[in-house]
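Working notes for the structure below.
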Amino acid sequence: MQTLCLSANYAGAIEQAVKIIRAGGLVAFPTETVYGLGGNALDTVAVKKIFIAKERPRWDPLIVHVSSREMLESLASKMPAKVDDLFSAFMPGPLTLVLPKNAMVPDIVTAGRDTVAVRFPAHPVAERLIAESGVPIAAPSANRFQHVSPTRAEHVLADLDGRIEAVLDGGPCPIGVESTVLDLTAGPRILRQGGVTAEQLRRLLGKVDAGDAVSHPPEKGLPSPGMVSRHYAPRTKLVLSDGQEDALAEVVQPWSEQEVGVLLPSGWHTAAPLSFDWGRWGDWSTLAARLYAGLRWLDEQEPYFIVAPLPPEEGLGSAIRQRLLKAASTATDRV
Ligand code: TXA
Ligand code: MG
C-alpha cells in the first residue's frame, strides 16, 4: 500500500482524509499531544486494521477521539458527576476520561472491557477530521507497538509507511507527550500521567489517586493495560541519571571513548561525543515537546547507549519522568 502524505495546509487534504476514514481506511493525524493512528471507532474492520498496522496486541484498548460533548456522551452509558467540571476546565485538551461504555462501542475498541477511554483533542486538524467524518475516531499513538510515540509526520512514516492509507502532516505536536488518562469509574484515578498535570486535576477535584507507573505487576489485570513497564522505548538501551548536571556527567564519563548519546539539557556539559540539545532544564513544557524527537534522533545515530537525566515529579516533569522510566524498562536500570 502506498501511504499518502497530505499537508494539512493544503486545501482538500482534510476532505481526502475524511473520505478514507469514511471508507474504513486509516489516517494518521496530528493532535496537540502526539500523532494518532485513526480509524472509524464504530467500524470493527477499520479498528482491526489499527491493531494490525501497529502490531499492537488486542488486549490493549484504544482511545476514542471526539469533537463535541454530544459525541462524548454518545459513547458512555453514564456520565459521572465530575465530567462537567473536567469538561469545562480541560476539554478540548490533553485529558482522556475512562467512562462506563455504551453498547454502540465495539468490544474490539475496548479490548472487551466495560469501560471506554474518550478524548476531545485540541488541535484544529484533529477537530476538523473528526467533525467532518461525523464519527468518533479510535486512535492510538501512530507508532509501532512499544516504540517511541511520533510528534512529527516523518516519525509516523518511519514506523508505518506502507501500512496505512495516509498521514495528515500538521507539523510538530505542541505538547509532545500523550494525554493524561483519568479513570472516573473508580477513584478518580490517574492511569497515565500526561498533558494535564496531577496538580491541575487535584486543584479541580481534590483527592486524585495516581497509578504506580513503574511497578511490575503481571500484565493481566492491570487497571490500564498501557501501564506495562516497557513502553515508549527507543531500540538503543536507555540509561537514566539523577537530574543534575554532575550526576549526568558522572554516568557518561567512563564511556567517553564510546559513542554514547545524551539527551542533554541546554548549557550542560558531558564527555559524550553525541548529544541532542534538549532544552532548558526545568522548562518542562519545552522538554516534553522535544522528548520523543530527541529519543528518535539519538536512536537513529545508533549510539552505544543513550543517557538521559530524570526530571522530578513536578508539573509536566512527571509525565516526562514516567515515560523515561518506562523507556528504560525497569527502575533498576537507573544508575
Ligand atoms: O495523547 C494521547 O492520548 C494519544 C493521542 C493520539 O490522542 N493517544 C494515545 O493512545 O496515547 P495509546 O493507545 O498509545 O494509549 C492509550 C492508553 C493506553 O495506555 C491504554 O491501555 C489506555 O489508554 N486505555 C485505553 N482504553 C482504556 C480503558 N478502557 N481503560 C483503561 N485504560 C485504557
Ligand atoms: Mg501509545
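Can you tell which of 157, 184 is under 19 Å from residue 36 (Cα atoms) and more than 16 Å from the chain's Cα centre (by Cα)? Working first, answer last.
Working: 184 fails: under 19 Å from residue 36 (Cα atoms).
Step by step, each of 157, 184 is checked, and only 157 is under 19 Å from residue 36 (Cα atoms) and more than 16 Å from the chain's Cα centre (by Cα).
Regarding the range 160-174, can at least one residue be identified that is more than 12 Å from the chain's Cα centre (by Cα), within 13 Å of ligand 2 (Cβ to nearest atom) and either of a type in the set (Phe, Trp, Tyr) or not in a strand (DSSP E or B) (or both)? Scanning the range 160-174, I find at least one residue that is more than 12 Å from the chain's Cα centre (by Cα), within 13 Å of ligand 2 (Cβ to nearest atom) and either of a type in the set (Phe, Trp, Tyr) or not in a strand (DSSP E or B) (or both), so the answer is yes. Tell me whether the range 32-50 contains one or more residues that are crowded, with 21+ Cβ neighbours inside 10 Å, out of contact with any strand residue (DSSP E or B) (no Cβ under 8 Å at 6 or more places or on another chain) and not small (Gly, Ala, Ser). For the range 32-50, residues crowded, with 21+ Cβ neighbours inside 10 Å, out of contact with any strand residue (DSSP E or B) (no Cβ under 8 Å at 6 or more places or on another chain) and not small (Gly, Ala, Ser): present.
Among the residues of the range 41-69, those identified as among the acidic types (Asp, Glu) and farther than 13 Å from residue 135 by Cβ are 55, 60.
Only one of the numbered conditions (1) more than 15 Å from ligand 1 (Cβ to nearest atom); (2) within 25 Å of residue 279 (Cβ to Cβ); (3) touching a Pro at 6+ places or on another chain (Cβ under 8 Å) is violated by residue 148, and that is (1). Listed conditions (1) within 22 Å of residue 34 (Cβ to Cβ); (2) in contact with a strand residue (DSSP E or B) (Cβ under 9 Å, 6 or more places away or on another chain) are all met by residue 111, apart from (2).
Step by step: first the residues of the range 30-52, then only those that are under 17 Å from the mean Cα position of the chain (by Cα) and assigned to a helix (DSSP H, G or I), then the one that is nearest to residue 111 (Cα to Cα). Which residue is that? Of everything passing the filter in the range 30-52, 51 is nearest to residue 111 (Cα to Cα).
Residues are listed down the side, and each one gets a yes or a no for (1) under 20 Å from residue 290 (Cβ atoms); (2) in the same structural domain as residue 312 (by TED's automatic domain parsing); (3) out of contact with any Leu (no Cβ under 8 Å at 6 or more places or on another chain):
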| residue | (1), (2), (3) |
| --- | --- |
| 243 | yes, yes, no |
| 247 | no, yes, yes |
| 250 | no, yes, yes |
| 253 | no, yes, yes |
| 263 | yes, yes, no |
| 266 | yes, yes, yes |
| 269 | yes, yes, yes |
| 277 | yes, yes, no |
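Against the criterion of being of a type in the set (Ser, Thr, Tyr) and under 28 Å from residue 238 (Cα atoms), residue 141 qualifies. Listed by position, the helices (runs of 4 or more DSSP H) enclosed by the range 233-335 that each have at least 2 residues that are within 20 Å of the chain's Cα centre (by Cα) are 284-300, 316-327. Among the residues of the range 70-89, is any within 21 Å of residue 176 (Cα to Cα) and away from ligand 2 (no atom under 16 Å from the Cβ)? Yes, the range 70-89 contains at least one residue that is within 21 Å of residue 176 (Cα to Cα) and away from ligand 2 (no atom under 16 Å from the Cβ).
Checking 94, 106 one by one, the residue that is at pLDDT 95 or above and more than 10 Å from ligand 1 (Cβ to nearest atom) is 106 and no other. Annotation: residue 167 fulfils all but one of (1) in contact with an Asp or Glu (Cβ under 6 Å, 6 or more places away or on another chain); (2) under 18 Å from residue 41 (Cα atoms); the unmet one is (1).
Among the residues of the range 257-277, the one identified as among the aromatic types (Phe, Trp, Tyr) and more than 18 Å from residue 234 (Cβ to Cβ) is 268.
Return a yes/no flag: does the range 105-123 have any residue that is more than 16 Å from ligand 2 (Cβ to nearest atom) and at positive phi. Within the range 105-123, one or more residues are more than 16 Å from ligand 2 (Cβ to nearest atom) and at positive phi.
When only residues in the range 51-67 that are within 22 Å of residue 122 (Cα to Cα) and in contact with a helix residue (DSSP H, G or I) (Cβ under 8 Å, 6 or more places away or on another chain) count, which is surrounded by the fewest Cβ atoms within 10 Å (Cβ to Cβ)?
Going residue by residue through the range 51-67, those that are within 22 Å of residue 122 (Cα to Cα) are 61-67.
If we keep only those that are in contact with a helix residue (DSSP H, G or I) (Cβ under 8 Å, 6 or more places away or on another chain) as well, we get 61-62, 64-67.
On the way: 61: 24, 62: 25, 64: 27, 65: 28, 66: 24, 67: 22.
Only one residue fits best here, namely 67.
Among the residues making up the range 151-162, those that are more than 20 Å from residue 327 (Cα to Cα) and either of a type in the set (D, E, K, R) or within 11 Å of ligand 1 (Cβ to nearest atom) (or both) are 154, 161. The conditions of being of a type in the set (Lys, Arg), assigned to a helix (DSSP H, G or I) and either in contact (Cβ under 8 Å) with a residue 12 or more places away in the chain or crowded, with 24+ Cβ neighbours inside 10 Å (or both) are met by residue 128.
The values are calculated or read from the model by the stated rules, or taken from the named source; none is laboratory data. Everything quoted here is computed from the prediction, not taken from an experiment. A quick note on method: Cβ atoms are made from the backbone with ideal geometry, for glycine too, and the neighbour counts reach across all protein chains shown.
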